[in-house]
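Working notes, beginning with the structure itself.
The values are calculated or read from the model by the stated rules, or taken from the named source; none is laboratory data. Because the structure is a prediction, the values reported are computed rather than measured. Quick reminder, even Gly has a Cβ in these numbers, built from the backbone with ideal geometry, and neighbours come from all protein chains shown.
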Amino acid sequence: MTKEPDLFDLPDPQTLYTALQSRDPSYEGRAFVGVTTTGIFCRLTCPARKPLAQNCRWFGTVAECLDAGFRPCRRCHPIATQAEGDPAVQRLLAALEADPGRRWSEADVQAQGFDPSTIRRAFRRHFGMTFLEMARHARLRQGVTRLKTGDPVIEAQLDAGFDSASGFRQAFARLFGHAPKAMQGAAGLWADWIDSPLGGMIAVADSRSLHLLEFVGRKALPAELKRLSKGAGGRIGLGRTPAIDLTEAQLQPYFAGQSGGFSVPLTLHGTPFYRAVWQQLQRIPPGRTVSYGQLARELGRPTATRAEAQANGANQIAILVPCHRVIGADGSLTGYGGGLWRKQALIELETRIAGMA
């Protein structure tokens, strides 16, 4: 996967907020603001009323905004900056904006007079995702919003633009690991979305501690959520807890390159050996990387490299349990469930944080 331009190429948040307030045109197409209170992202030149600084998230590309769960502003049309020279993309974006709940198919794209494969390539080039993926994100986001307010599943499904309850449940289950009805009512654990410069993250917590923090694209996420759901008696709800709020609050200065420390209480689900590995990972300071062999030796288990690597891969609390700090003996990044481009970005960020200490 090719790494997209990211937040770390941008100025600091205060500089960006000043540019937003003055509608500085020099950032046109290079910086975007996501407003957490509305779920909308804008150009910095947007004429809309300016949000408070603490409600802003900063992004370098439209793809990052969409991945983080924000929808484009209807006043400043931020998506247009990425594809102004492509009439086909502009036409489909206009159609999506006019009817964000529509369930699009390749046949619909073809009916508009476009070759589906050409459109797939064009959208991936401009936004890092296909047109159909963009449309599906919009529908699912609407449905999740309705569910969080306590609306019945069928109303959320219709609001999200799915023409069948099974279609909505399938899409929802791919994200959360089980059907949406299982995420309403009294819950033992709560799940919610956290925005990050490297894409959306799912956090699961009880009132006191964090149980899971994963990037949405991680293949193991559905299985991890199913295991947590089983352990909670099927009671994982959609919503916030103080532990999720604290996680989000501490991730903000981390991604801003200001702090590498976390104090969020964690609940680690695994064998005693796995938990020992994860606790050792937390002792690796930001800016330092170790090999699998080094980590095994530091654990006092120098022959357990393979088992240690398995524990590392089974970690389900990204960043706070920093499995990304473990690399190959030859210095290669090796595997990372969130994607090697994210692993590289996290290591680069932490190198800068360590340099400021």
- Restricting the range 285-295 to residues that are touching a strand residue (DSSP E or B) at 6+ places or on another chain (Cβ under 7 Å) and not hydroxyl-bearing (Ser, Thr, Tyr), the one surrounded by the fewest Cβ atoms within 10 Å (Cβ to Cβ) turns out to be Val290
- Query: Hey, among Glu298, Glu348, Glu308, which residue is surrounded by fewer than 18 Cβ atoms within 10 Å (Cβ to Cβ) and without any contact (Cβ under 8 Å) to a residue 40 or more places away in the chain?
  - Reply: Glu298
- Item | Candidates Arg30, Arg91, Arg57, filtered to the one that is surrounded by fewer than 18 Cβ atoms within 10 Å (Cβ to Cβ), of a type in the set (D, E, K, R) and not in a helix (DSSP H, G or I) | Arg30
- Item | Ser332, sole failed condition from (1) out of contact with any Asp or Glu (no Cβ under 7 Å at 6 or more places or on another chain); (2) buried (at least 17 other Cβ atoms within 10 Å of the Cβ); (3) more than 30 Å from Leu189 (Cα to Cα); (4) free of Cβ contacts under 8 Å to residues at least 60 places away in the same chain | (2)
- For the range 234-331, please list each of the helices (runs of 4 or more DSSP H) lying entirely inside it that holds at least 2 residues being in the same structural domain as Leu213 (by TED's automatic domain parsing) and within 29 Å of Asp206 (Cβ to Cβ). 242-255, 272-281, 305-314
- Could you grab me the full set of residues in the range 213-247 that are more than 22 Å from Pro322 (Cβ to Cβ) and of a type outside the set (Gly, Ala, Ser)? Pro222, Lys226, Lys230, Arg235, Ile236, Leu238, Arg240, Thr241, Pro242
- Task: Determine whether Ser209 is closer than 30 Å to Met356 by Cβ, free of Cβ contacts under 8 Å to residues at least 60 places away in the same chain and surrounded by fewer than 22 Cβ atoms within 10 Å (Cβ to Cβ).
- Result: yes
